[in-house]
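One structure below.
The values are calculated or read from the model by the stated rules, or taken from the named source; none is laboratory data. All figures in this text were calculated on a predicted structure; none of them were measured in a lab. Neighbour counts run over all protein chains shown; Cβ positions are idealised from the backbone, glycine included. Quick note on the areas: whole protein, heavy atoms, side chains included, nothing else; ligands and nucleic acids left out. Shrake-Rupley method; radii C 1.70, N 1.55, O 1.52, S 1.80 Å.
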Amino acid sequence: MTIPVMEIFGPTIQGEGMVIGRKTMFVRTAGCDYSCSWCDSKFTWDGSEKDAIRKMEPAEIVDALKQEGGEHFGHVTISGGNPALLARLDGLIDLLHADGIKVALETQGSRWQEWFTKIDDLTLSPKPPSSGMKTNFSVLDFIIESLQLKQEGSFSLKVVIFDEDDLVYAQEIHQRYPQVELFLQVGNDDLETTDEKEFLPYSLRRYEQLIDRVMENDILKDVRVLPQLHTYLWGNKRGV
Ligand SMILES: C[S@@+](CC[C@H](N)C(=O)[O-])C[C@H]1O[C@@H](n2cnc3c(N)ncnc32)[C@H](O)[C@@H]1O
Ligand SMILES: Nc1nc2[nH]cc(C(=O)O)c2c(=O)[nH]1
Ligand code: SF4
Ligand SMILES: [Mg+2]
């Protein structure tokens, strides 16, 4: 069973969410059922790089990870695109686990897969109104109920915030799933710039603005507010 792979890179730090700062490798799969207006990984689904997609067996992916990262990693993050479109991703997860490697996964929570229960660090990132996408709450409810039944591994919610409507959406999420750790992440609205000197102060200002809005919020009490740490170091660069 092959997996459509767009890129494999690392080791680097996980720049976002529940395991921010952790040394990890990345496997980015191709294809998404969403088309978020501000997606920073559009090349995984907009057809612009379809020739770069490699259909790989799980063992080939593990080989490629070792080629890139040598023996000096113990954690792999699977992102995309939406890796939850792949019914048979458990082959790769099992192979990595057999090697003592922990597995994280990023998905928007639009599809359930049985193998979600095997993921060590699962991030569900439902999309706020600014994305132009609509959350199917019956699917997200089912995913979260199913994950709450399992004993091993952990999962969290991460909502990207661009504007006030997004904050209202984050409130709804927090009130609907009060038991689940919620991370609020600054939206990056400048995906084109390569001017890292301008980008860092600009990103810091946006992070501070989000912090200000959350600090005065009566509903968003038990949350964490994070930037995309990798963009502070490497801007919009790919494969880092
Ligand atoms: C590229 S997505 C791939 C995984 C999955 N499709 C998802 O959206 O969760 C990985 C993470 O990047 C976030 N992201 C995408 N574009 C972003 C942007 N412009 N600013 C901040 N975060 C962004 C997504 O919300 C998601 O949490
Ligand atoms: N360093 C780093 N951290 C990340 N966290 C989530 C990423 C993603 O694109 O899914 C990402 C990424 O592309 N790079
Ligand atoms: S769900 Fe994720 S990969 Fe898909 S378009 Fe949105 S941000 Fe991009
Ligand atoms: Mg990214």
Item to check | Subset of the stretch 123-139 that is within 12 Å of ligand 1 (Cβ to nearest atom) and of a type in the set (A, V, I, L, M) - its residue that is surrounded by the most Cβ atoms within 10 Å (Cβ to Cβ) | outcome: Leu124
Checklist entry - Quick one: is Gln179 farther than 21 Å from Cys36 by Cβ and assigned to a loop (DSSP other than H, G, I, E, B)? => result yes
Checklist entry - Any chance the stretch 92-114 includes a residue that's in contact with a Gly (Cβ under 6 Å, 6 or more places away or on another chain), within 9 Å of ligand 3 (Cβ to nearest atom) and within 30 Å of Thr193 (Cα to Cα)? => result no
Checklist entry - Just wondering, is there one or more residues in the stretch 152-166 that are over 21 Å from Gln228 (Cα atoms), open to solvent by less than 40 Å² (accessible area, probe 1.4 Å) and of a type outside the set (S, T, N, Q)? => result no
Item to check | Hits in the stretch 211-231 - residues which are without any contact (Cβ under 8 Å) to a residue 40 or more places away in the chain and either open to solvent by less than 30 Å² (accessible area, probe 1.4 Å) or of a type in the set (Ser, Thr, Tyr) (or both) | outcome: none
Next on the checklist: Exactly one of these conditions fails for Ile144: (1) among the hydrophobic types (A, V, I, L, M, F, W, C); (2) farther than 26 Å from Met215 by Cβ; (3) within 16 Å of ligand 2 (Cβ to nearest atom). Give me its number.
Outcome noted: (3)
Checklist outcome for this item: Within the stretch 87-105, residues being touching a strand residue (DSSP E or B) at 6+ places or on another chain (Cβ under 9 Å) and either open to solvent by 30 Å² or more (accessible area, probe 1.4 Å) or among the small types (Gly, Ala, Ser) (or both) number 5
Checklist entry - Can you pull out the residues in the stretch 34-44 that are under 30 Å from Phe73 (Cα atoms), open to solvent by less than 60 Å² (accessible area, probe 1.4 Å) and within 9 Å of ligand 3 (Cβ to nearest atom)? => result Cys39, Ser41, Thr44
Checklist entry - Can Leu105 be described as outside any helix (DSSP H, G or I), within 14 Å of the chain's Cα centre (by Cα), more than 10 Å from ligand 1 (Cβ to nearest atom) and in contact (Cβ under 8 Å) with a residue 24 or more places away in the chain? => result no
Item to check | Residue check for Ser203: assigned to a helix (DSSP H, G or I), within 16 Å of ligand 4 (Cβ to nearest atom) and more than 16 Å from the chain's Cα centre (by Cα) | outcome: yes
Checklist entry - Filter the stretch 1-14 for residues that are crowded, with 18+ Cβ neighbours inside 10 Å and within 12 Å of ligand 2 (Cβ to nearest atom); which is farthest from Thr77 (Cα to Cα)? => result Met6
Next on the checklist: Can you go through Gly47, Gly17, Gly21, Gly31 and tell me which one is at positive phi and surrounded by 17 or more Cβ atoms within 10 Å (Cβ to Cβ)?
Outcome noted: Gly17
Item to check | Extreme residue, nearest to Thr117 (Cα to Cα), among residues of the stretch 151-172 that are within 17 Å of the chain's Cα centre (by Cα) and of a type outside the set (Gly, Ala, Ser) | outcome: Phe155
Item to check | strands (runs of 3 or more DSSP E) completely within the stretch 1-71 that count 1 or more residues being away from ligand 1 (no atom under 15 Å from the Cβ) and in contact with a Gly (Cβ under 7 Å, 6 or more places away or on another chain) | outcome: 3-13, 23-29
